[in-house]
1. Compute the acute angle (0 to 90°) between the alpha-carbon long axis of helix B:253-287 and the principal axis of greatest extent of the alpha-carbon atoms of chain B; round to the nearest 10°.
2. Over all distinct Cα pairs, what is the inverse of the mean 1/r for chain B, reported as the Kirkwood hydrodynamic radius in Å?
3. Pairs to check: B:K289/B:K359; A:K155/A:K198; B:K289/B:K504. Give those whose C-alpha atoms are more than 20 Å from each other in this structure.
4. Using only DSSP helix segments of four residues or longer, with each worth -39500 (n - 2.57), what per-residue ellipticity at 222 nm results for chain B after dividing by its residue count and rounding to 500?
5. Among B:F449, B:I105, B:L391, which residue has its Cα furthest toward the positive end of the charge dipole of chain B, with +1 on Lys/Arg Cβ and -1 on Asp/Glu Cβ?
6. Rounded to the nearest whole Å³, what is the per residue volume of the convex hull around the Cα atoms of chain A?
7. Roughly how many whole Å is it from the C-alpha centroid of segment A:44-86 to that of segment B:328-363?
8. Once you wrap a convex hull around the alpha carbon atoms of the protein assembly as shown, what is its projected area averaged over all directions, in nm²?
Amino acid sequence: MLMLRMKSSLRFFEQTILLLFWSATAVWAGEPKGSASHGTNIFAPASTPANSIADLSVFVLVITGIIFVVVFALLIYSVVKFRGRAMDSGREPAQVYGSTQIELAWTIIPILIVVVLFLATARVIHAIEDAPEPAGAVEVTVIGHQYWWEFRYPKLGIVTANELHIPVSDLGHPTPTFLQLLSADTDHSFWVPELAGKTDLIPNHPNRMWMDPQRTGLFVGQCAQYCGTQHAKMLLRISVDRADDFVAWVHAQQKPAAEDAAAIAGRRVFEGNACMNCHTVAGTSANGRFGPDLTHLMSRTTIAAGAAENTHDKLRLWIQNPGAIKPGSLMPAMKLSDADLNAVVSYMETLQ
Amino acid sequence: MSSNVITVPVSQTEARPWVDELHQWLTTVDHKRLGILYIVSSLLFLALGGVEALIIRIQLMHSHNNFVSPEVFNRMFTMHGTTMIFFVAMPILFGFANYLVPLMIGARDMAFPRLNAFSFWLSFLGGLLLYFSFLGGSGLYGAGSAPDVGWWSYAPLGARAFSPGHSSDYWTLALLVSGFGSIGTAINIIATILCLRCPGMKIKRMPLLVWMNLVMAGMVLLAITPLSAAQIMLLIDRYLGGHFFDTQAGGSAVLWMHFFWIFGHPEVYVLIIPCFAFMSEIIPVFSRKPIFGYPVMVAATVCIAFVSMSVWAHHMFTIGMNSYANSFFTLTTMAVGVPTGIKIFNWIGTIWGGRIQFKTPMLFSIGFLFQFLIAGLTGIMMAASPFDWQLSLSYFVVAHFHYVIVGGILFALFAAFYYWYPKMTGRMLSERLGEWHFWLFLIGFHLTFDVMHVPGLLGMPRRIYTYEPGRGWDTLNLLITIGAFTQAIAILVFVANLIISYFKGAEAGNDPWDAWTLEWSISSPPPAYNFATVPTVVSRRPLWDLKHPEDPDSRYE
């Protein structure tokens with residue numbers, strides 16, 4: 001009973017400190033408290049793995065903080081107390097060579113601290129890494145490409161890019177999302193700080209991570225492992241949807257591409273140029289896989305892995321000269337005539 | 001010191017034409033001249049690496065800045081990291097080891113003087129090769145120059161498919177060539193310490209600086225060899241059709257990570273242990289007390305060396321190792337904190353009860369203690385692998401290792417400069433400029449690297465050339481940049497001090513600090529071959545015994 005009370009008061013203490021860190025860092029980030037999150041603050045967790053990491057962080061920060069205060073105080077005290085004064089010129093202080101008892105004390109105490117820290121850490125490692133996948137989990141295969149993210153939902157038959165949609169998970173009926181992480185080229189790292197710690201995407205080395213976001217909204221992050229020229233603009237957006245919104249989104253994504261007779265000219269340009277070698281539009285002859293799937297391009301709010309808003313002007317600029325938005329991007333400038341360019345943009349805008 | 005009095009030979013300083021002088025420097029096999037060559041060449045590379053850092057900081061000053069292109073930015077952080085580790089930190093520490101170890105053990109030179117010269121010129125050639133890539137290399141994407149694969153050149157980014165051209169080959173060759181130099185120097189330091197100690201200098205009487213450089217040299221042998229092997233494998237991959245790290249042909253990217261970090265983590269201790277060595281000589285002298293717990297300091301150093309060989313994968317917590325591997329490396333990494341903590345306590349124990357003289361070397365030493373404490377504690381945070389899943393690859397980790405390398409290693413090096421410059425040149429460095437240097441650098445350092453932890457906590461990854469506004473990163477990055485320029489000004493004050501004091505500094509005399517090790521028993525700068533008569537020692541502080549015959553150390557050992 002006493003243990004239980006101690007545990008709960010410890011938990012309260014941790015939460016208080018976590019809130020302190022949250023507010024301190026949130027002030028810097030300019031986040032109003034309680035707003036729907038767009039932040040990347042590791043002390044504002046919204047999912048079980050991120051939560052247990054934040055709790056562990058606070059525990060480690062408190063222990064290291066105490067060590068800091070004690071050693072720092074000792075250092076300052078000894079530097080001030082034993083400063084040389086003019087009056088003791090020429091006299092040497094007592095020559096002390098050491099003390100076995102003191103050495104033993106400051107060996108054993110740190111060892112005990114290490115044991116405590118290690119046990120606390122090992123528990124969290126196990127809880128996050130060895131969590132079993134429940135039956136209702138959403139499965140997504142994430143494939144890192146040089147400067148964009150491919151998302152495939154093998155059970156649902158959906159392929160999309162850069163903006164991941166997952167359902168909110170409620171602790172009573174958890175619907176966590178399990179990600180399988182692959183890479184098509186170099187190393188990348190999947191990092192959305194408020195949902196989970198980062199895990200690398202390494203060629204020939206499949207990895208796994210999971211998250212169970214407990215509030216809806218947009219969560220952002222980006223590639224954390226240097227992957228080449230445009231590593232900086234390999235941004236990540238995760239939309240955590242209400243269960244019914246997620247189902248609606250899935251249904252919309254499962255449809256083949258919209259066919260619009262008015263955009264047939266643009267479709268011909270798209271299929272008559274190299275566009276179709278790299279991009280897929282489901283239901284047409286375009287089935288390339290080097291670039292993002294464009295079947296439902298208009299359902300996404302950004303293009304170029306989050307480097308630009310998905311607007312008419314930005315889309316036109318992107319197709320005309322990708323280097324203007326993202327220098328070093330692997331998408332070539334296609335050098336289309338103005339007429340062809342306008343036609344392709346119109347076609348893209350029909351891909352709802 | 002027995003009856004054997006050290007006589008100072010008359011120094012021969014006849015005027016020589018400068019060509020003759022230059023020839024002497026280029027062909028020298030004298031450990032003191034080679035030490036100075038190491039130090040001066042490292043300072044040149046420090047200037048290059050510093051300029052690269054400033055370019056990085058200007059670019060990151062605010063969001064969506066266009067000071068340099070992404071390609072140039074990526075080259076800058078690659079060159080900055082490679083330069084600072086391989087061509088500044090390592091050679092400058094080798095320089096001090098070269099200069100001080102023979103003097104402190106009463107030897108007339110290193111064990112293998114020609115190998116010593118060969119090793120220096122290999123290291124220097126490595127640096128030249130790296131910088132030749134600006135002229136002769138070509139970049140990751142399109143035309144360009146200098147490697148841009150990051151200082152650890154993770155596979156498969158370093159493969160030909162992703163790094164065409166030759167810029168990353170210059171990186172590989174630079175590390176390979178300078179690595180052979182480092183191995184040569186390490187063998188030389190070990191042989192010198194084991195074989196050339198003067199009569200009476202038993203292994204348990206060696207100054208701690210000598211002990212720690214012995215441990216450092218042993219670690220160099222263990223750490224540099226896998227790196228060299230990996231570089232050769234990479235060259236085989238790139239030119240001879242090998243597939244060690246070529247993931248497109250079934251090679252392993254993770255294998256490269258293991259090779260790199262089994263070098264990379266011991267390397268941190270290769271750099272910090274000689275700095276522990278400086279602290280263990282300087283703090284006692286300016287506290288006027290012997291080092292507290294000499295045998296424990298030696299044991300802690302050896303212990304760090306052993307344990308640090310088993311912690312490398314804490315650089316790889318995010319690569320998806322299983323929970324047992326993550327737990328193991330969490331434990332070993334935290335365990336290194338114990339002997340490291342013992343050292344900090346022993347230095348405080350040395351200060352305790354002393355009479356501290358706040359000369360510039362001691363100011364930098366106190367700065368070192370304070371910053372190394374914080375660097376160690378942020379290290380403990382990242383040793384907790386789940387915490388590291390958030391912190392790794394973010395600006396927090398950048399702040400942490402700069403705390404170690406700048407706040408620890410560079411502060412210790414500055415202390416060493418102010419302490420031994422009088423021995424090397426015969427002139428004192430200016431205390432007034434030294435204080436300006438110390439305070440400016442301290443303020444710049446803390447403005448830069450204290451603040452830098454925060455964007456990491458706010459999710460800012462490292463190695464990005466630009467970032468979106470509205471993440472709360474702008475103001476912090478501006479402060480960091482201001483701090484970086486403050487540090488640059490402090491470095492200019494330091495360089496001015498080095499140059500002005502060389503010509504106008506006060507005469508140092510043999511023993512300006514009233515110190516206790518053998519190098520202070522001979523003239524400043526020491527004559528060729530150091531000791532006219534090889535000294536004999538009977539304790540750890542031979543000059544203390546000489547100065548206090550009524551209460552010699554030998555009575556207590």
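Bear in mind that the values in this text are calculations on the coordinates, not laboratory data. These numbers were taken from a predicted model, which means no experiment stands behind them. FYI the Cβ positions are ideal-geometry reconstructions off the backbone, even for glycines, and counts take in every protein chain you see.
1. With both axes taken from Cα atoms, the answer is about 30 degrees.
2. On the way: mean 1/r = 0.0411 Å⁻¹.
So the Kirkwood estimate lands at 24.3 Å.
3. A:K155/A:K198; B:K289/B:K504
4. Working: 17 runs with 349 residues, N = 557.
The helix contribution divided over chain B gives -21500 deg cm²/dmol.
5. After comparing all options, I get B:I105.
6. Normalising the Cα hull of chain A by residue number yields 224 Å³.
7. With segment A:44-86 and segment B:328-363 each reduced to a Cα centre, they are spaced 15 Å.
8. For the Cα atoms of the protein assembly as shown, the hull's average projected area reads 40.3 nm².
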